[in-house]
1. Of all residues being part of a strand (DSSP E or B) and within 12 Å of the chain's Cα centre (by Cα) in segment A:261-276, which is nearest to A:ILE315 (Cα to Cα)? Just the residue, please.
2. Do the conditions hold for A:GLN172, that is, is it surrounded by 13 or more Cβ atoms within 10 Å (Cβ to Cβ), modelled with pLDDT of 95 or more and not in a loop (DSSP other than H, G, I, E, B)?
3. Please go through segment A:302-315 and give me each residue that is surrounded by 22 or more Cβ atoms within 10 Å (Cβ to Cβ) and not in a loop (DSSP other than H, G, I, E, B), ordered by number.
4. So A:TRP160 clears everything in (1) at pLDDT below 95; (2) under 24 Å from A:GLY54 (Cα atoms) except one condition, right? Which one?
5. Count, please, the residues in segment A:138-169 that happen to be in a loop (DSSP other than H, G, I, E, B), hydroxyl-bearing (Ser, Thr, Tyr) and more than 24 Å from A:ALA290 (Cα to Cα).
6. Can A:ILE204 be described as in contact with a helix residue (DSSP H, G or I) (Cβ under 8 Å, 6 or more places away or on another chain), within 13 Å of chain B (Cβ to nearest Cβ) and at pLDDT below 90?
7. Filter segment B:1-22 down to the residues that are among the β-branched types (Val, Ile, Thr) and either modelled with pLDDT of 70 or more or assigned to a loop (DSSP other than H, G, I, E, B) (or both), then identify the one that is nearest to A:ARG286 (Cα to Cα).
8. Let me confirm something: among A:GLY299, A:GLY288, which residue is at the interface with chain B (Cβ under 7 Å from one of its Cβ atoms) and among the small types (Gly, Ala, Ser)?
Amino acid sequence: MRHKRSRFILFATCALGLTLAQASEQDARAWLERMARAMDELNYQGVFVHMHDGRAETLRVVHRNEGGRVAERLVSLDGVGREIISTQDEVQCILPDKRAVLVETRTDLNPLVSAVPIYSQTLDRHYRLRMMGMSRVAGRPTQNVAVLPRDSYRYGYLLWLDEATAMPLKSQLRDEDGNIVEQILFASIAFGDEIPRSALQPSIDTDGYTWYRADEKSSAAARSGTTLWRAARVPEGFELQVSNRQVLFGSRFPVEHLVYSDGLASVSVFVESAESDPDPLDGLSRVGAANAYTTRVAGHQVTAVGEVPASTVEIIAESVQPQTLDARR
Amino acid sequence: MSEKIRDQISAFIDGELPVRECDLLLRRMRRDSELSLTFDRFGLIGDAIRDSLSGLPQGLLRNRVMQAVQGERQFADRAGTWRRRGRMLQPAAGVAVAASVAVVAVLSLRTGDPALQDAAVAASTEPFAYTYTVPEPSYSPPVTAPPTRLTNYLVNHSQYTNTLGRKSMQMRILVDQSETDEQPERE
């Protein structure tokens, strides 16, 4: 009788633990969904610190949603004061140090943007979601959520989400071992109904700057190309989401662009003729937490770039090969 | 010229720069005469610090440089309010001190003025005292330069990341000006 009771207690404890874990996961998923909506839909402005590699930079963000039309201005308050202004139609990067403005036209080809975040059940195979209690950031109470990678091919997040709005007031990008790769921390943030349009205007006079934007005619011609490139080997969970050909701003040569994603992390692969760049990238490059790896394949320069560990971009780039028409999917 | 490039040159001279970065640096030096001159200057300083320059008493220059750098450290430690910035400036200050000392040494050698050499030797026996002027950074107005290929890729890729990743990627474009120094694109 006593053994039966012990077994029952053990079973009940395990069942309770499992139920709590599942509840925690469901709660975490709900918070992540709220976070993604908050980042897009709310009106807010604030100052935050971006930390990586022992460096810290201060940035200001102004985010405006007017009837579903979202616009955002990001300004670096340090250094030369680069700015990025995003609207529904395009992204402008203003680079005073280069007296240049890059213009990336937004396309409807991106299934990720419309579908993101995809905090679906399929993520479970590659990430664990957990509620991590409560604390305070920038004077506001937060719910803390962890997105933990199950292997070393992707990074995880620790997120401090504003209890009232679900905005991430603090986030840490972490590798599989828990090391902080990058950290973002709001020093101040204000939510409001009205953000004046003027707050989204650049503070830099771009007179005399060179504007780089993709040539539409060239892009159309590029899209008519027939060569197909695919990565033969990708870490488990990464699937091809986007494949297109385009001409990037400031370039005259077409680039094949592939996007692989596991639903949270994504890796872009750019393939272009090696002749297009007399001074090509080579091997591993790092920009903040983003890694890029470049190699040469069949007279082409192949670069994989993404917010993933170096091994992931290397594996993907090294496996990219041209495909015959028969191999099309 | 960015602090990072200076650090790379210094690491290169010390044989501590990764091979891939060596290639990039050498390619860049072939194009950039200012960089090339900086490399020569750093090399000269390195030689001076290692007492490779002939005609100087063994250890004299190294001791003076080390004393100067130590003096800078003490100064930086006192500057409590600016402690973090002070730490960042220490290497630069050390290099500036080393540069000034090395220039004095090189000039004394090149002019062949025995009085100067004697003075240097004499100075080493005196209690440590030195003055130097931090060189004014040469200002060159920004010129139009094309964005790097990696910047192009990042801007494009930022459209294909999740909400959190997109913002994060854009921040990198904003703050990582150093990568444009490493990989200048030429169309």
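The values are calculated or read from the model by the stated rules, or taken from the named source; none is laboratory data. None of the values given here were measured: they were computed from a predicted structure. Quick reminder, even Gly has a Cβ in these numbers, built from the backbone with ideal geometry, and neighbours come from all protein chains shown.
1. So, considering only residues that are part of a strand (DSSP E or B) and within 12 Å of the chain's Cα centre (by Cα), the one nearest to A:ILE315 (Cα to Cα) is A:VAL267.
2. Values: surrounded by 13 or more Cβ atoms within 10 Å (Cβ to Cβ): yes; modelled with pLDDT of 95 or more: no; not in a loop (DSSP other than H, G, I, E, B): yes.
When the stated conditions are applied, A:GLN172 does not pass them.
3. Passing the criteria: A:VAL302, A:THR303, A:ALA304, A:VAL305, A:GLY306, A:THR312, A:VAL313.
4. (1)
5. Of the residues in segment A:138-169, the ones in a loop (DSSP other than H, G, I, E, B) are A:138-139, A:150-155, A:163-167.
Now narrow it down to the ones that are hydroxyl-bearing (Ser, Thr, Tyr): A:152-153, A:155, A:165.
From what is left, the residues that are more than 24 Å from A:ALA290 (Cα to Cα) are A:165.
Within segment A:138-169, residues that are in a loop (DSSP other than H, G, I, E, B), hydroxyl-bearing (Ser, Thr, Tyr) and more than 24 Å from A:ALA290 (Cα to Cα) number 1.
6. For A:ILE204, the condition - in contact with a helix residue (DSSP H, G or I) (Cβ under 8 Å, 6 or more places away or on another chain), within 13 Å of chain B (Cβ to nearest Cβ) and at pLDDT below 90 - is met.
7. Among them, the one singled out is B:ILE5.
8. Values: A:GLY299 fails: at the interface with chain B (Cβ under 7 Å from one of its Cβ atoms).
Answer to the selection: A:GLY288.
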